[in-house]
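Input: a single structure, listed below in structure tokens.
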Amino acid sequence: MRVASRSGFVTNVPTEEESAQQWERLRSIDWNAEAKRLLKAAMKRRDLNYRVLADRLARMGIQETEANLRTKISRGTFTAAFFLQCMAIIRKDASQFETLFDVERLVRGI
């Protein structure tokens with residue numbers, strides 16, 4: 001359903017059924033797998049391997065071996081803080097996070 005907002009912009013407001021479908025899609029997402037995918041994709045884009053990531057984390061005072069990183073990232077069960085630390089190293093610009101994490105794509109199931 002399309003609705004005009006106070007500012008005059010026309011926005012799409014999901015119907016009750018569409019909203020329920022979006023929530024169901026969000027419930028069905030494997031969030032650990034998504035976190036792993038995002039981190040590995042960012043590493044690949046920057047041509048960054050586990051050894052270099054371990055070295056850069058050490059500069060931040062975070063001691064992780066290459067083997068530990070490989071295991072932790074392959075499981076996808078790491079903290080949000082660890083994810084943000086890695087992304088800060090990989091991206092070097094926190095304002096670029098939104099290009100990595102496309103919530104709308106996840107909700108729509110695209």
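The values are calculated or read from the model by the stated rules, or taken from the named source; none is laboratory data. The shown structure was predicted, so the numbers you read here are calculated from the model rather than taken from an experiment. All Cβ positions, even for glycine, are placed from backbone atoms using ideal geometry, and neighbour counts span all protein chains on display.
Quick look at the numbers
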{"quantity": "Test for residue 56: is it surrounded by 12 or more Cβ atoms within 10 Å (Cβ to Cβ), basic (Lys, Arg) and at pLDDT below 95", "calculated": "yes"}
{"quantity": "Hey, residue 27 outside any loop (DSSP other than H, G, I, E, B), at pLDDT 95 or above and over 13 Å from the mean Cα position of the chain (by Cα) or not", "calculated": "no"}
